[in-house]
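The values are calculated or read from the model by the stated rules, or taken from the named source; none is laboratory data. These numbers were taken from a predicted model, which means no experiment stands behind them. Here the Cβ positions follow ideal geometry from the backbone for every residue, glycine too, while neighbour counts run over all protein chains shown. To get the accessible areas, we keep the full protein, side chains included, count just its heavy atoms, and leave off ligands, DNA and RNA. Shrake-Rupley method; radii C 1.70, N 1.55, O 1.52, S 1.80 Å.
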Amino acid sequence: MARIIDLSLPLTDGGPSYPNDPPLRIQPYRTLAAGGCNVSIISIGTHQGTHLDAPWHFIEGGRPLDQIPLDAFYGPAVLADLAPGGELPPKTPISPEMLSRHESAFVPGGRVILRTGWYSRFGRPEYFTDLPSLTADAARWIADKHIVLLGMDMPTPSKIAGRECHHILLGPGAEIVIVEALTNLHELPRAFTFIGFPLHFVGLDGSPIRAVAVVPD
């Protein structure tokens with residue numbers, strides 16, 4: 001038997017969206033009373049809530065979602081806990097030195113989930129503005145490890161070097177799937193199975209996902 005841990009933020013009408021991204025709207029289209037069944041209309045950005053970035057999000061000619069092998073989104077993963085028992089202070093730069101303490105997690109072809117504790121701020125304004133952030137050097141350090149997936153509990157990899165970090169992680173020679181806005185990482189052991197499949201959008205830059213961890217009892 002195994003335990004399944006939900007790593008995904010809730011999606012509700014009017015819920016928090018990244019600044020300048022489309023708002024999340026969920027409205028009834030048909031109801032049991034009026035139409036015999038419930039059907040809803042959902043208007044959502046491709047980077048709403050817990051989601052992943054494909055290379056096409058930032059890279060001209062980068063692979064879109066439907067061209068990424070499915071096994072990138074599923075498999076053994078390792079937690080790199082950067083703030084055991086707590087959270088990193090707001091606006092903490094995440095440096096290569098901080099990551100190097102977890103170097104054994106960064107194996108070629110692997111999946112690494114970074115825990116900063118920042119998911120506890122979800123729903124507050126600072127969640128999107130004051131998050132811990134990868135430095136460009138840290139992004140290069142990760143890219144050099146040739147992992148296939150990098151997850152995190154921040155809503156974006158970096159506020160201090162956002163575009164540069166995305167270009168480094170998603171660009172040619174790296175093409176790391178970035179999973180953003182994970183939650184409940186305090187429940188994870190160091191090693192587990194990660195599952196986070198996108199919807200089968202053709203030619204798109206990202207997708208909300210239902211991310212879970214499977215942990216053996």
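At-a-glance table
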quantity: Flag if Y74 is among the aromatic types (F, W, Y), over 24 Å from V107 (Cβ atoms) and open to solvent by 60 Å² or more (accessible area, probe 1.4 Å); calculated: no
quantity: Where P76 falls short, out of the listed (1) modelled with pLDDT under 95; (2) part of a strand (DSSP E or B); calculated: (1)
quantity: Long-range neighbours under 8 Å by Cβ, at least six apart or interchain, first residue under 11 Å from A181 (Cβ atoms) within the range 8-29, second open to solvent by 90 Å² or more (accessible area, probe 1.4 Å); calculated: S8/R210
quantity: Subset of the range 71-89 (residues that are within 19 Å of the chain's Cα centre (by Cα) and farther than 16 Å from G196 by Cα); calculated: A80, D81, L82, A83, E87, L88
quantity: Residues of the range 176-200 that turn out to be open to solvent by less than 70 Å² (accessible area, probe 1.4 Å) and in a loop (DSSP other than H, G, I, E, B), as a count; calculated: 8
quantity: Count - residues of the range 159-182 that are in contact (Cβ under 8 Å) with a residue 40 or more places away in the chain and either within 14 Å of L114 (Cα to Cα) or not small (G, A, S) (or both); calculated: 14
quantity: L70 being closer than 23 Å to I4 by Cβ, in contact (Cβ under 8 Å) with a residue 12 or more places away in the chain and out of contact with any strand residue (DSSP E or B) (no Cβ under 9 Å at 6 or more places or on another chain); calculated: yes
quantity: Helices (runs of 4 or more DSSP H) lying entirely in the range 124-174 (those with 1 or more residues that are of a type in the set (V, I, T), touching a helix residue (DSSP H, G or I) at 6+ places or on another chain (Cβ under 9 Å) and open to solvent by 20 Å² or more (accessible area, probe 1.4 Å)); calculated: 162-170
